[in-house]
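Encoded as structure tokens, the structure appears first; notes follow it.
The values are calculated or read from the model by the stated rules, or taken from the named source; none is laboratory data. Predicted model only: the values in this text are computed from it and were never measured. Note that we place each Cβ from the backbone using ideal geometry, even for glycine, and neighbour counts take in every protein chain shown. What goes into the accessible areas is simple: the full protein's heavy atoms, side chains included, and nothing from ligands, DNA or RNA. Shrake-Rupley method; radii C 1.70, N 1.55, O 1.52, S 1.80 Å.
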Amino acid sequence: MSNTKLAPAEVARRIDENDADDLFILDVRNEDDYEEWQIEGSTNLPIYDELLEHDFSTLEDHLDELPTETEIAVICVAGITSARAAEFLRGHGFDARTIDDGMNGWGRVHREYDLEGADGVVQIVRPGTGCLSYLVSDGDEAVVVDPSQYVDQYLNAADERDLEIVGVADTHAHADHVSGARRLAGELDVPYYLHEEDAGDLENVTAFADGESITVGARELEVLHTPGHTPGSVSFLFGDALLSGDTLFLRSVGRPDLEDGSEEAVRTAASQLFDSLDTLTDLDDDLVVLPGHFSDESIRPLATVLADLREETTNELLSYVAEDDEEAFVEAIVESLADEPANYNEIKRINWGKEQPGGDVESLELGPNNCAAN
């Protein structure tokens, strides 16, 4: 890659490894686009329309606000206008590069983390979308949980660890990203596991139910039916790990309105969610909670023990569960709901097998993650 370009994966690595102090991220998109979705810690200078016209006047007016001793990484939508800005900055003595493929590339980045305290679990993070997936293994066998549409990430992760993928599972029918589970299972000719209440029109699904398990080597991935976010939402127990899907996050819980947004349906689903959270929070204190999504949490990997999650105030909705106050919980959920994930109806239809993905399926899921109750 040209030294005028910076790979999105390299940006993610430097952020994760606290090596971003020497990297100033300049986002040149319009303000509305930036406010909706951005790289955490970046600075916005909304000159996108000017750059399209090769107009650098506003950028020139702000040169004295930019660092002279720090590398500048410029980002836009697809890396074209940011390349113009970076070239202009280099011409004025700045160490500037464009982030290759812009926010589109940022949305495709995946980072892998082996987990202490959760033997046999690898967490795979998409920092640009807030999505988490997992590779759980024992011996030389592995099951992939909640894979993205970029299935090579999981094939490579398994190959690097000399693992054979023997199954693929979704914790629920996702609304924020296109699942890669069917494709991955089909390519490998292994079972695709999903709760039947979330299967829609899908064929070749191996349905599971509460209390059943998926064999991984000599261990079991135990299914806990935890409805609320969706009717078929599940969580998984794998040794000391609780893969909580979109039921329980570190700072929130899964929103219950993406199946049916009517108030009656939301209240019914919120009551189910309350019961599911009551079940999960009654599990062993030392379980490592591994959610299906995150928002702006900076810890890597995204994990905490259940006892700490119950005691901390960062997940306020759990306080209602601890107090056994279902009514207050439901009211808080109803009042918390904000904008739905972008294109969620189309994404759900694809993940239900009701619609085939089109040619620009990657763009469907780019944007902020809105699967949590705020």
- prompt: Tyr48 versus (1) open to solvent by 50 Å² or more (accessible area, probe 1.4 Å); (2) touching a residue at least 60 places away in the same chain (Cβ under 8 Å); (3) over 17 Å from Gly128 (Cα atoms): which is the lone unmet condition?
  reply: (2)
- line: Okay, helices (runs of 4 or more DSSP H) sitting entirely in the stretch 23-117 with 2 or more residues that are of a type in the set (Ser, Thr, Tyr), I get 57-61, 81-91
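Residue-by-condition table, conditions (1) modelled with pLDDT of 85 or more; (2) of a type in the set (Lys, Arg); (3) assigned to a loop (DSSP other than H, G, I, E, B):
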{"site": "Pro301", "(1), (2), (3)": "yes, no, yes"}
{"site": "Asp308", "(1), (2), (3)": "yes, no, no"}
{"site": "Ala328", "(1), (2), (3)": "yes, no, no"}
{"site": "Lys348", "(1), (2), (3)": "yes, yes, no"}
field: Pick from the stretch 280-313, criterion open to solvent by less than 70 Å² (accessible area, probe 1.4 Å) and hydroxyl-bearing (Ser, Thr, Tyr), ranking: nearest to the chain's Cα centre (by Cα)
entry: Thr304
statement: Every listed condition ((1) surrounded by fewer than 22 Cβ atoms within 10 Å (Cβ to Cβ); (2) among the acidic types (Asp, Glu); (3) under 21 Å from the mean Cα position of the chain (by Cα)) holds for Glu212 save (3)
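Let me confirm something: among Asp210, Asp240, which residue is in contact (Cβ under 8 Å) with a residue 60 or more places away in the chain, charged (D, E, K, R) and farther than 18 Å from Ala372 by Cα? I'd like the intermediate steps shown before the answer.
Details: Asp210 fails: in contact (Cβ under 8 Å) with a residue 60 or more places away in the chain.
Going through Asp210, Asp240 in turn, just one is in contact (Cβ under 8 Å) with a residue 60 or more places away in the chain, charged (D, E, K, R) and farther than 18 Å from Ala372 by Cα: Asp240.
When you look at Gly79, is it over 23 Å from Arg300 (Cβ atoms), surrounded by fewer than 23 Cβ atoms within 10 Å (Cβ to Cβ) and touching a strand residue (DSSP E or B) at 6+ places or on another chain (Cβ under 8 Å), yes or no? Break it down into steps so the answer makes sense when it comes.
Working: over 23 Å from Arg300 (Cβ atoms): yes; surrounded by fewer than 23 Cβ atoms within 10 Å (Cβ to Cβ): yes; touching a strand residue (DSSP E or B) at 6+ places or on another chain (Cβ under 8 Å): yes.
Answer is yes for this residue.
With respect to Glu327, determine if the residue is exposed (fewer than 14 other Cβ atoms within 10 Å of the Cβ), in contact with a Ser or Thr (Cβ under 9 Å, 6 or more places away or on another chain), over 22 Å from Asp176 (Cβ atoms) and of a type in the set (D, E, K, R).
On the way: exposed (fewer than 14 other Cβ atoms within 10 Å of the Cβ): yes; in contact with a Ser or Thr (Cβ under 9 Å, 6 or more places away or on another chain): no; over 22 Å from Asp176 (Cβ atoms): yes; of a type in the set (D, E, K, R): yes.
When the stated conditions are applied, Glu327 does not pass them.
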- prompt: When the stretch 262-286 is examined, which residues are found to be over 18 Å from Glu197 (Cβ atoms) and not hydrophobic (A, V, I, L, M, F, W, C)?
  reply: Ser262, Glu263, Glu264, Arg267, Asp278, Thr281, Asp282, Asp284, Asp285, Asp286
- request: Report, ordered by the first and then the second residue, all pairs with beta carbons closer than 9 Å, sequence separation of six or more or different chains, a first member in the stretch 155-166 that is without any contact (Cβ under 8 Å) to a residue 12 or more places away in the chain, and a second member that is open to solvent by less than 100 Å² (accessible area, probe 1.4 Å).
  value: Glu160/Glu112
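Sort through Glu60, Glu17, Glu65 and tell me the only one that's open to solvent by 30 Å² or more (accessible area, probe 1.4 Å), acidic (Asp, Glu) and under 29 Å from Val151 (Cα atoms). Before the answer, list the steps.
Working: Glu60 fails: under 29 Å from Val151 (Cα atoms); Glu65 fails: under 29 Å from Val151 (Cα atoms).
Just a single option satisfies the conditions, and that option is Glu17.
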message: Could you check the stretch 144-164 and list, in sequence order, the residues that are buried (at least 23 other Cβ atoms within 10 Å of the Cβ) and part of a strand (DSSP E or B)?
response: Val144, Val145
- line: Log entry, pairs with first residue in the stretch 87-98 being charged (D, E, K, R), second being assigned to a loop (DSSP other than H, G, I, E, B), beta carbons closer than 6 Å, six or more apart or on different chains, reads Arg97/Thr4
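If we keep just the residues of the stretch 350-374 that are small (Gly, Ala, Ser) and either buried (at least 17 other Cβ atoms within 10 Å of the Cβ) or more than 22 Å from Ala173 (Cβ to Cβ) (or both), which is modelled with the lowest pLDDT? Full working, then the answer.
Pass one, the stretch 350-374, residues small (Gly, Ala, Ser): 353, 358-359, 363, 367, 372-373.
Cutting the leftovers down to either buried (at least 17 other Cβ atoms within 10 Å of the Cβ) or more than 22 Å from Ala173 (Cβ to Cβ) (or both) gives us 359, 367, 372-373.
Values: Gly359: 68, Gly367: 78, Ala372: 82, Ala373: 82.
If we take residues in the stretch 350-374 being small (Gly, Ala, Ser) and either buried (at least 17 other Cβ atoms within 10 Å of the Cβ) or more than 22 Å from Ala173 (Cβ to Cβ) (or both), then Gly359 is modelled with the lowest pLDDT.
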query: Which residue out of Asp100, Asp114 is within 17 Å of Arg13 (Cβ to Cβ), of a type in the set (Asp, Glu) and surrounded by fewer than 18 Cβ atoms within 10 Å (Cβ to Cβ)?
result: Asp114
- prompt: His229 fails exactly one of the following numbered conditions: (1) in contact with a Leu (Cβ under 8 Å, 6 or more places away or on another chain); (2) in a strand (DSSP E or B). What is the number of that condition?
  reply: (2)
task: For Leu26, state whether it is of a type outside the set (Lys, Arg), more than 26 Å from Pro341 (Cα to Cα), at pLDDT 95 or above and surrounded by 13 or more Cβ atoms within 10 Å (Cβ to Cβ).
output: no
task: Could you list all residues from the stretch 230-251 that are over 17 Å from the mean Cα position of the chain (by Cα) and open to solvent by 10 Å² or more (accessible area, probe 1.4 Å)?
output: Pro231, Leu237, Gly239, Asp240
